[in-house]
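Heads up: the structure comes next, in structure tokens.
The values are calculated or read from the model by the stated rules, or taken from the named source; none is laboratory data. What you see is a predicted model; the values in this text were computed from it and never measured. Quick reminder, even Gly has a Cβ in these numbers, built from the backbone with ideal geometry, and neighbours come from all protein chains shown. The protein model used for the area step is the full one, side chains on, heavy atoms only, and it has no ligands, DNA or RNA in it. Shrake-Rupley method; radii C 1.70, N 1.55, O 1.52, S 1.80 Å.
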Amino acid sequence: MLCGILGPFAILGPMNPSAVIASPQAPPSFTDQALARGVQYPVQGIPQTNGLYGFGLAAADLDGDGFDDLVAIGRLNGQVGVYRNLGTGHFQNRSATSAIAPLPQASAVACADLDGDRLPDLVFTQVNQPSRIYRNLGDFVFAPMALEAHLGAPTAAKGVSLADIDGDGDLDFYIATYALTDAPPPGLRSRLLRNDGATMTDLAPSVGLDRVARTFLGVFSDIDRDGDQDLYVSNDRGHLAPLFAANELWRNDGGVFTDISAGSGADVACFSMGVACGDFDGNGFTDFLVTNTPAPNAPVFGVNPLMLGQGDGTFVRAETQWAVEDLVTGWGALFVDIDNDGHLDLYVNHQFAPNKLWRNPGFPPALLVPAAGGASGPSNHWSYSTVVSDIDGDGDNDLIVSSLGSNLRIFVNNSGQTLPSVRFRLEGKGLNTSAIGSRIDARAGARTMTRELHAGGVGYLGQNSKEMHFGLLAAAHLDEAIVTFPDRSQRTLGVVPPGSHTVVHPAILGDSNGDGALDEVDRAQLLACIAAAQSGALPRSCMWFDYDGDLDVTEADRASFDAARTRRRCDLDSDGTVGARDLVILLDAWGEKGGAADLDDDGVVEAGDLKILLANWG
């Protein structure tokens, strides 16, 4: 079901400000535990000899064990840092054996499965060096992927973002390019690359997305909740001559992009750098905050613009109302629920100033956390990029920060787990196995929460965890969660208890081994899962059989599996429906012994098989 402009709130009820409860617990508390947890990755200092305006990093589950690993760039020798999470938030350095070549001009990193093998691959941009794609071979070993040959000529490439822009089931690319001259040739500008399988086609020139601009990144988000991924572009120095290239907002209509920047309220012109993206005000629609430099230039005058989405492609400025103006040079910015109260807070990276954290109590103004609760970092570094992950699996969000001239910092959250949370990892169909571009709308009592799943773009040059996080505050559970996958199919989950849960796309339920069939191998696994559930030890992999969305596997799910298996067997021509051509195939096989048309497995194709096929018609 397509949610449309009202989205899930026709189901969950509208936002009720009077029902919003301010978080009552103590302020957030963090400690830097990078070295204690096995991560020693020094990022080069100032002046930079490599890169351009900082480096990204990634938190991603590279081995599918349910815990986020780390990928870091920016070391002076170009070595990419690869760190395996041992399941406790402690890490094993796998950099030397990863087979990833040094990236001397590394810039950004994004992580997503590009070949459908359920292992996330790595995409790196570089400045005036080729961008690279590394296929994940398993066991933290990577190999160059042929698709990288189609990323285009080397440019001053910055952020990379991935989404399925045309609904064909694979992931497409936006690569932001920072124009180092006022007139770079067409082939050296930002790119919107449609993934066609064996090759990629740059759509940017045909729609105007390759205009000359000093672009840091682009963020894919469904701003109007119509089911496809729109694009917001952050352009540096948009208020200055000769380019006057303000930030851009592009609406996606089935793979066709239209510039709706003018009059949207999102077309700010400033020193726009990082982008926070999420539903900050809790109305169900995407909001943006961009970082800036505190220069006295009109029209923004040095503040960090906070733009609240109205759902119709327009945005309302609200940084003063929410008290997040922040007159400090900023880079990365993230909306993230730090204290598990269900409201997205704001964390901002700073240049030669401590990083800042504002708590969102559910209504303005946001509250500045003194000394960022221990996650401010030193004041003498250029802090560029932060990514979010619950690295230790304790239910709260930790922060991993990259700053010039400093080891990576892992700010472990010591306070969020005092309140419960629900975390979801999604399993998608086809090549988009992580279901990038999905949205979850959840309700806990009178509060509603919306989260989107991104690959790259959000923040600054990095990749946040793909685990979608919902703090519960005083609620015992989520009353309901509606998952909308990129192809607009949905699953509705009932009561969701605290903890980490896996949600599987409806089209691949039951196919536990991913071979495209529902067979005896899958059924045997289903029966084992039912037994495991009865013993109270249900593994994440069993969620492939959770047909009814109750986050359990029971006899009801077995009945649904058997029905789905029978229906799939009735689709004799494999076109996704049971219809006239299937009937013709069955009648042509009438009287034969066995074969695909013997639906009741009695050894012959006859009336019993016809009855089964007609019962599954449509």
Problem set entry | FRET efficiency, residue 323 to residue 515 (Cβ-Cβ, R0 56 Å, nearest 0.05) | 0.55
Exercise. What whole-number value in Å² describes the accessible area per residue of the range 508-588 for a 1.4 Å probe?
Worked result: 49 Å²
Problem set entry | Long-range amide H partners of residue 43 with built H, under 5 Å | 405, 406, 407, 408
For this session: Give the residue from 518, 538, 380 lying farthest towards the positive end of the charge dipole for the chain; charges sit on Cβ (+1 for Lys and Arg, -1 for Asp and Glu) and the dipole is referred to the Cα centre.
Result: 380
Seminar exercise, completed: Projected onto the charge dipole of the chain (unit charges on the beta-carbon of Lys, Arg, Asp and Glu, signs +1, +1, -1, -1), the Cα from 547, 591, 604 with the largest positive-side position is that of 547
Problem set entry | Computed P(r) (all Cα pairs; the chain; 10 Å bins; percent) | 3, 17, 27, 26, 15, 7, 3, 1, 0
Exercise. When the solvent-accessible surface of protein heavy atoms is calculated with a 1.4 angstrom probe, in what order do 593, 611, 466, 429 fall, highest first?
Worked result: 593, 611, 429, 466
For this session: Give me the number: length gained by fully extending residue 36 to residue 394, i.e. 0.36 nm times residue separation minus the C-alpha to C-alpha distance, one decimal in nm.
Result: 127.1 nm
For this session: Take the alpha carbon gyration tensor of the range 114-178, find the square roots of its eigenvalues, order them as a ≥ b ≥ c, and report rounded if a/c is under 1.5; if not, report prolate when a/b exceeds b/c, else oblate.
Result: oblate
For this session: Assuming R0 = 45 Å, can you tell me the calculated FRET efficiency for the pair residue 49 and residue 556, based on Cβ-Cβ distance, to the nearest 0.05?
Result: 0.15
Exercise. So how long is each side of the range 312-365 along the principal axes, counting just the alpha-carbon atoms, biggest first, in Å?
Worked result: 36, 28, 19
Exercise. Hey, how many Å between the Cα centroid of the range 324-372 and the Cα centroid of the range 460-524?
Worked result: 29 Å
Exercise. So what is the accessible area of the range 65-188 per residue, in Å², with the probe set to 1.4 Å?
Worked result: 33 Å²
For this session: Restricting to the chain, compute how many DSSP beta bridges are antiparallel as a %, nearest 5.
Result: 95 percent
Seminar exercise, completed: Between the residues 238, 289, 307, the Cα farthest towards the positive end of the dipole of the range 193-345, that dipole coming from +1 and -1 charges on the beta-carbon of Lys, Arg, Asp and Glu, is from 238
Seminar exercise, completed: With a ≥ b ≥ c from the Cα gyration tensor eigenvalues, square-rooted, and the rule rounded for a/c under 1.5, otherwise prolate when a/b > b/c and oblate otherwise, the range 176-307 is oblate
Exercise. Any idea what % of Cα-Cα pairs in the range 381-445 are farther than 13 Å?
Worked result: 73 percent
Exercise. If the chain between residue 585 and residue 607 were fully stretched, how many nm would it gain, using 0.36 nm times the residue separation less the Cα-Cα distance?
Worked result: 6.5 nm
Problem set entry | Peptides 408-419, 157-168 ordered by average Cβ neighbours within 10 Å, highest first | 157-168, 408-419
Exercise. In whole percent, how big is the carbon plus sulfur part of the accessible area of the chain, probe 1.4 Å, protein atoms only?
Worked result: 57 percent
Exercise. So how strong a dipole does the chain carry about its Cα centre when Lys and Arg Cβ are +1 and Asp and Glu Cβ are -1, to the nearest 20 debye?
Worked result: 2360 debye
Problem set entry | Dipole magnitude of the range 258-409, debye to nearest 20 (Cβ charges: Lys/Arg +1, Asp/Glu -1, about Cα centre) | 620 debye
For this session: Mind putting a number on the dipole of the range 487-558 about its Cα centre? Charges go on the C-beta only, +1 for Lys and Arg and -1 for Asp and Glu, and I need it in Debye to the nearest 20.
Result: 240 debye
For this session: When a/c is below 1.5 the answer is rounded, else prolate if a/b is larger than b/c, else oblate, so apply that to the range 106-226 with a ≥ b ≥ c taken from the square roots of the Cα gyration tensor eigenvalues.
Result: oblate
For this session: Using Cα pairs closer than 8 Å and at least 6 residues apart in sequence, work out the relative contact order for the range 512-612, in percent.
Result: 15 percent
Exercise. Any idea what diffusion coefficient the range 516-618 gets from Stokes-Einstein, in µm²/s, Kirkwood Rh on alpha carbon pairs, 25 °C, 0.890 mPa s?
Worked result: 165 µm²/s
Exercise. Using Cα pairs under 8 angstrom and six or more residues apart, how large is the relative contact order of the chain, in percent?
Worked result: 13 percent
Exercise. Residue separation times 0.36 nm, minus the C-alpha to C-alpha distance between residue 117 and residue 182: what's the value?
Worked result: 19.2 nm
Problem set entry | Alpha-carbon gyration tensor eigenvalues x 5, square-rooted, for the range 466-571, Å | 25, 17, 11
Exercise. 222 nm [θ] for the chain, helices only, -39500 (n - 2.57) per DSSP H run of 4+, per residue, to 500?
Worked result: -2500 deg cm²/dmol
Problem set entry | Lysine pairs in the chain with Cα atoms under 29 Å, if 8 or more residues apart or on separate chains | 5
For this session: Add +1 for every Lys or Arg and -1 for every Asp or Glu among the other residues with Cβ under 10 Å from the Cβ of residue 196, and state the total.
Result: -3
For this session: Determine the per residue accessible area of the range 254-299 with all protein chains present and a 1.4 angstrom probe, expressed in square angstrom.
Result: 28 Å²
